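Just below is one structure, and these are the notes that go with it.
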Amino acid sequence: MAFHVDYWDYLGWKDGYANSAYSQRQRRHARLGNVSSVYTPGILVNGAEWRGLFGGRRSLRRPNAKPGVLRLTLNDKQLRVRFVPTNHISPGLINIALLGYDIVTKVAGGENAGRELAQEFVVLHHDEEAFTRSNQADFSLPDTVDFQAMAVWLTDDRKRVIQACGLSL
């Protein structure tokens, strides 16, 4: 998922998908020690910095843990998230990202001036909520966001991913 940050906007072109909350999210990962510094493209896998892409690695190690079952039920714009853990896992947060893909952006200024950027899995909306003891949460999805896919993931208090799932609409 591409969380577009706004800290490059001063270069002469404002990214229409950038959000200051996403910049703050990246800084929070740095404060927690999940990334070495704030930079783009910063890639996290399971809540930790991953630089394998820059070394030519295209595959990831699959985790052996089976933390539980994460279920999503979508009814119109109402989303119910339910997690049934297999052990004593206590998720801290539920994250929901509404995603857009096949997006082409014409860059008007800055170092990429005049280029068209093809983008996939751009985060159009992100919501994060504390997980409750009921292991269930309900969300009302915004009417104003035209999205093609969704990702939902549970994290612990250090932003490490416990369980994730996604769906294409």
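In table form, for the structure just shown:
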item	result
Segment 30-37 - phi-based ³J(HN,Hα) in whole Hz, Karplus 6.51/-1.76/1.60, Gly and Pro as x	5, 4, 7, x, 6, 10, 6, 7
Cα gyration tensor, segment 100-169 - rounded (a/c under 1.5), prolate or oblate	prolate
Positive dipole terminus of the chain, leading residue within A30, A97, S20 (C-beta point charges)	A30
Compactness of segment 9-168 as Cα Rg over 2.2 N^0.38 Å, two decimals	1.14
Full-extension gain in nm, A21 to E111, via 0.36 nm per residue minus C-alpha separation	30.1 nm
Principal axes of segment 5-45: Cα extent on each, largest first, Å	31, 17, 16
Karplus-derived HN-Hα couplings along segment 69-84 (A = 6.51, B = -1.76, C = 1.60, θ = phi - 60°), whole Hz, x at Gly and Pro	10, 10, 10, 10, 10, 10, 10, 6, 9, 9, 10, 10, 10, 9, 10, 10
5 angstrom amide H check on A2, placed H, neighbours 5+ away	V122, V123
For peptides 45-52, 159-166, sequence by mean Cβ density within 10 Å, most packed first	159-166, 45-52
Order by protection proxy (mean Cβ within 10 Å, highest first), peptides 88-95, 75-82	88-95, 75-82
Qualifying aspartates and glutamates (Cα of each under 18 Å from Cα of K77; at least 8 residues distant if same chain)	D127, E128, E129, D138, D143, D146
Computed label-point distance, nm, for sites E129 and S37 using a 7 Å Cα→Cβ extension	3.8 nm
Rounded FRET efficiency, nearest 0.05, which uses the C-beta distance separating D102 from T73 and R0 of 25 Å	0.40
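Where a number appears in this text, it was derived from the coordinates with a stated rule and is not lab data. It should be emphasised that the depicted structure is a prediction, and the values quoted were computed from it without experimental measurement. Because the Cβ atoms are built from the backbone with ideal geometry, glycine has one as well, and the counts that use them run over all protein chains shown.
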